[in-house]
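Scroll down for the structure; my scribbles are underneath it.
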Amino acid sequence: MTNRATAALNEIDRTAERHAKAELYPGHGVRTGALRRSITAIPAVTRGRRIIGGIGTTKGDVSAYARVIHRKYEYLTKGLHKTIPSVLEIIERHMRK
């Protein structure tokens, strides 16, 4: 059960990552593409009864820039919001396996 839930969360995070990257394009947060490339899904881990995962920027050299651009365009938040409609379907599919 835990492995299936972890796999579901990983898929949810990858979906949110894909949507967040799509929010960035030339003239809308992209200059070199380094920020878009730095957005990544953080692999889910189990801690007790909790499964923790997420998305974020992983490269330290773009983190300050990432915060500025996120305040302006909210690319991570928008990516998560676009993922919400598919969350239940992803969980159900993984739990049926």
Report summary line: For the stretch 20-48, pairs from a residue that is of a type in the set (S, T, N, Q) to a residue that is outside any helix (DSSP H, G or I) and crowded, with 17+ Cβ neighbours inside 10 Å, with Cβ under 9 Å and 6 or more apart or across chains, are S38/T57; T40/I55; T40/T57
Report task. State yes or no: is T6 among the β-branched types (V, I, T) and under 24 Å from H94 (Cα atoms)? Result -> yes
Query raised in the report: Counting residues that are modelled with pLDDT under 95 and either surrounded by 17 or more Cβ atoms within 10 Å (Cβ to Cβ) or within 17 Å of the chain's Cα centre (by Cα) (or both), which helices (runs of 4 or more DSSP H) fully inside the chain reach at least 2?
Result: 34-38, 63-73
Requested in this report: Sort out which residues of the stretch 16-65 are under 17 Å from K78 (Cα atoms) and of a type in the set (F, W, Y), and write them in order of number.
Outcome: Y25
Query - Which listed residue, of I42, I90, I51, is closer than 14 Å to I12 by Cβ, in contact with a Ser or Thr (Cβ under 6 Å, 6 or more places away or on another chain) and hydrophobic (A, V, I, L, M, F, W, C) - result: I51
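The values are calculated or read from the model by the stated rules, or taken from the named source; none is laboratory data. These figures come from a predicted structure and were not determined experimentally. When we count neighbours, we look across all protein chains shown, and the Cβ atoms used for this are built from the backbone with ideal geometry, even at glycine.
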